[in-house]
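Below: the structure, in structure tokens.
What follows is calculated from the coordinates using simple rules that are stated; it is not laboratory data. Everything numeric in this text was worked out from a predicted model, so none of it was measured. When we count neighbours, we look across all protein chains shown, and the Cβ atoms used for this are built from the backbone with ideal geometry, even at glycine.
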């Protein structure tokens, strides 16, 4: 019996070690080619990079690790970086860092048209004032139910829905005033069902793709009122597209299982022309 218990304990330790290693592994790069209607004929393609949920804290996401991820993002040569919230610590079992320490590495992001951010629930719960101040100090544009024009794009940023601060209608109205092709940035994917149909692309995080996804059962927790409906990845609803990133950090526990950290590249350009249909040869 003792030997069996020892084997079980050894197996659990190995599993926990594997989950910690997965949590600390390099983010997978995922991609979407997006060809919206109305893209100006004179406009060059744009590359957006979505980075969400750093949750800076020891042991899995130190400021040093975040700095290495920032360098990787810069190597992707983005035109615009979009940050999806939850910059601050997500669990109490680890060493926290101050908002300034947590967000400082993001100041080194290099994107031709800048860096835009929204807040997440842990930013509201942990140190809202510090998060806002540190994002401003890093030269990052923070959108709280607001919008900004970036070239041909109207980027709307919704404040966090999970903590009750989202106002999609207000954000969409501000996007309409700016004109351009609308893209909505939100921490939580739960805004997707109430996003106006004219907004075709919504970029989010928050769920960590469940963070721990058990074999046969899938994600344990998504922190979404829609359960697994918007748990992870690329989803379509009519002509609308939703991306839910797994994020780069962890929440509650510094562990991941079958929910690898990720970063999304969205390459945007003119709609692709339909292939010409060749007439059949005459008999």
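If you fit an axis through the alpha-carbon atoms of helix 168-178 and take the longest principal axis of the Cα set of the chain, what angle between them do you get, 0 to 90°, nearest 10?
40 degrees
So what is the calculated 222 nm ellipticity per residue for the chain, using -39500 (n - 2.57) for each DSSP H run with n of 4 or more, over all residues, to the nearest 500 deg cm²/dmol?
Details: 5 runs with 68 residues, N = 283.
Only helices count here, giving -7500 deg cm²/dmol.
Only counting other Cβ atoms within 10 Å, I'd like 175, 24 sorted with the fewest neighbours first. Intermediate values should be presented prior to the final figure.
Values: 175 26, 24 18.
Ranked by crowding around the Cβ, least crowded first: 24, 175.
What percent does the relative contact order of the stretch 4-113 come to when contacts are Cα pairs within less than 8 Å and at least six residues apart? Walk me through the numbers before you get to the answer.
Values: 116 pairs, mean separation 31.1, N = 110.
Across the stretch 4-113, relative contact order equals 28 percent.
Tell me the Kirkwood radius of the stretch 52-169: reciprocal of the mean inverse pair distance over distinct alpha-carbon atoms, in Å. Each step should come with its number before you reach the end.
On the way: mean 1/r = 0.0694 Å⁻¹.
The Cα-based Kirkwood calculation yields 14.4 Å.
I'm a student and want to see the number: the projected area of the Cα convex hull of the stretch 134-235, averaged over all directions, in nm². Before the final figure, lay out each step's value.
Values: hull surface 29.8 nm².
Mean projected area of the Cα convex hull: 7.4 nm².
In Å and whole numbers, how far do the C-alpha atoms of the stretch 24-268 stretch along each principal axis, longest first?
Projected onto the principal axes, the Cα atoms of the stretch 24-268 cover 50, 41, 32 Å.
Which FRET efficiency value, to the nearest 0.05, do you get for residue 129 and residue 236 by plugging their Cβ-Cβ distance into 1/(1 + (r/R0)^6) with R0 = 45 Å?
Step by step, r from the Cβ atoms, then E = 0.70.
Quick one: compute the contact order of the chain, relative version, from alpha carbon pairs under 8 angstrom and 6+ residues apart, as a percent. Let's see the in-between values first.
Values: 662 pairs, mean separation 70.6, N = 283.
Reported as a whole number, the value is 25 percent.
If you average over every viewing direction, what projected area does the convex hull of the Cα atoms of the stretch 222-264 give, in nm²? Walk me through the intermediate numbers first.
Values: hull surface 14.4 nm².
Mean orientational projected area (the stretch 222-264, Cα hull): 3.6 nm².
Shape of the stretch 1-124 from its Cα gyration tensor (a ≥ b ≥ c, root eigenvalues): rounded if a/c is under 1.5, otherwise prolate when a/b > b/c, or oblate? Please list the in-between numbers first.
On the way: a/c = 2.98, a/b = 1.98, b/c = 1.51.
Prolate.
Across all directions of projection, what mean area in square nanometres is found for the Cα convex hull of the stretch 125-180?
Computing the convex hull of the Cα atoms and averaging its projections yields 4.3 nm².
If you restrict to DSSP beta bridges whose two residues both lie in the stretch 24-268, what percentage is antiparallel, to the nearest 5? All intermediate terms of the calculation are to be shown ahead of the outcome.
Numbers: 20 of 50 bridges.
Approximately 40 percent, going by the DSSP bridge assignments.
If you line up the long axis of helix 63-75 against the longest principal axis of the chain, both from Cα atoms, how many degrees apart are they, to the nearest 10?
Once rounded, one gets 30 degrees.
Which order results if 230, 87, 197 are arranged by neighbouring Cβ count within 10 Å, fewest first?
Numbers: 230 24, 87 33, 197 9.
Fewest-to-most ranking of 230, 87, 197: 197, 230, 87.
In a Gaussian network model over the chain where Cα atoms closer than 10 Å are linked, find which of 221, 191, 118 has the largest mean-square fluctuation.
The residue with the greatest mean-square fluctuation here is 221.
Which one, 163, 186, 134, has the greatest fluctuation when you compute a Gaussian network model over the chain with C-alpha springs under 10 angstrom?
Answer for the Gaussian network model of the chain: 163.
Given the C-alpha centroids of the stretch 237-263 and the stretch 148-205, what is the distance between them in whole angstrom?
19 Å
When the chain is treated as a GNM, springs tying every alpha-carbon pair under 10 Å, which of 208, 42, 122 comes out with the largest mean-square fluctuation?
The residue that fluctuates most here is 42.
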